[in-house]
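Any read-out appearing in this document is the output of simple, stated calculations on the displayed coordinates, not a laboratory observation. A quick note: this is a predicted structure, and the numbers were derived from the prediction, not measured. Neighbour counts are summed over all protein chains in view; Cβ atoms, including those assigned to glycine, are modelled from backbone coordinates with ideal geometry.
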Amino acid sequence: MSAEVSLVIDASVAIAWVFEDETNPYTEGVLEFLAQGNAVVPSIWFLEVGNALVVAERRGRLKEAETTRFLFMLSQLPITVEVESVTQVFGSTVQLARRYGLSTYDAAYLDLAVRLGVPLATQDGELRHAASLCGVKIFTPS
């Protein structure tokens, strides 16, 4: 993992970028940060983002072309995927999920931020609370 990684981003932030009614100063601040910095995400991130986009298409919130443009935009951002080992997922990720009442999906973001010692960008209240209990800083846009 590169020493340049300075942020973990969860799916709640990325999904907000595609919907005008969900974008806010926080999510815009994370996107602006990526113009200068870079981030890492657990491998589950692409599945979570992809699922949200497909569901939005089914509900008529997005057209296929909009999804395609958004996925291209995501591919241009300085976001690296960390592929967790089975040992990691069955070990510290599950332990964090148990300890803080999180889903294993959310615990994967927390686990990554803990291991890398970098802030976490999330809009999820439970995940923010668990991060504060673990000593993980929540990213604050400047």
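Ranked by the mean number of other Cβ atoms within 10 Å of their residues, highest first, the peptides 94-103, 74-83 fall in the order 94-103, 74-83. Dividing the summed -39500 (n - 2.57) terms of all DSSP H runs of n ≥ 4 by the residue count of the chain sets its mean residue ellipticity at 222 nm at -16000 deg cm²/dmol. When peptides 36-42, 110-116, 18-24, 65-71 are ranked by their average number of other Cβ atoms within 10 Å per residue, the highest-first order is 110-116, 36-42, 65-71, 18-24.
Distant-in-sequence amide contacts of ALA121, defined by a placed amide H-H separation under 5 Å and a gap of 5 or more residues or a different chain, comprise VAL8, ILE9, ASP10, PHE139. Using +1 at the Cβ of each Lys and Arg and -1 at the Cβ of each Asp and Glu in the chain, identify which of LEU116, TYR100, ILE9 lies farthest towards the dipole's positive end. With unit charges placed on the Cβ atoms, the residue in question is TYR100. Farthest towards the positive end of the charge dipole of segment 21-77, among the residues ALA39, THR68, PRO25, is the Cα of THR68, using unit charges on the Cβ of Lys, Arg, Asp and Glu. In terms of other Cβ atoms within 10 Å, VAL49, VAL55 run from fewest to most in the order VAL55, VAL49.
Amide H contacts of GLU82: VAL41, SER43, each under 5 Å away and 5 or more positions distant or on a separate chain (H built 1.01 Å from N in the peptide plane; Pro and chain starts excluded).
Let's see if you can work this out: charge +1 on each Lys and Arg Cβ, -1 on each Asp and Glu Cβ, no other charges. What is the dipole magnitude of segment 8-134 about its Cα centre, in debye to the nearest 20?
260 debye
Relative contact order, whole percent, for segment 38-93 stands at 59, derived from Cα pairs under 8 Å and 6 or more residues apart.
Could you work out the relative contact order of the chain? I mean the mean sequence separation of Cα pairs under 8 Å and 6+ apart, divided by the number of residues, in percent.
Computed over the chain, the figure is 32 percent.
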